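Here's the structure, in structure tokens; my notes come after.
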Amino acid sequence: MAIVAMIEYEDASPEVRQVYDDIMTTRGVAWINNFWKVLAVQPELLRRTWNDVKEVMAPGAIDALTKE
């Protein structure tokens, strides 16, 4: 059985907290799901992935539900 480390908000570095805060603000949620917590083990990967998701989900020709 594989065990994957997850970075909780309380344990996150300032860099990771900044991304977590942006995720919560942008998505209008009060928590971070496990997908982001696992990526936070590598803060640069977390930031890059979040920036890519924000770009893809930005308003455009395709609605957000279809993009999801």
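Dividing the mean sequence gap of close Cα pairs (under 8 Å, 6+ apart) by how many residues the chain holds gives a relative contact order of 32 percent.
Annotation for segment 1-42: chymotrypsin sites (Phe, Trp or Tyr not before Pro) lying in DSSP loop with at most 14 further Cβ atoms inside 10 Å of their Cβ are Trp31. Over all distinct Cα-Cα pairs of the chain, the Kirkwood formula returns a hydrodynamic radius of 12.8 Å. A straight chain from Arg17 to Ala64 at 0.36 nm per residue would run longer than the Cα-Cα distance by 14.4 nm.
Computed from Cα atoms, the angle from the helix 43-57 axis to the main principal axis of the chain rounds to 20 degrees.
Qualifying GluC sites (Glu not before Pro) in segment 8-50, where qualification requires a DSSP coil assignment and no more than 16 other C-beta atoms within 10 Å, comprise Glu8. The long axis of helix 14-27 is offset from the longest Cα principal axis of the chain by roughly 30 degrees.
Throughout, read-outs are computed from the coordinates displayed, never taken from laboratory work. It should be emphasised that the depicted structure is a prediction, and the values quoted were computed from it without experimental measurement. All Cβ positions, glycine included, derive from the backbone under ideal geometry; neighbour counts span all protein chains shown.
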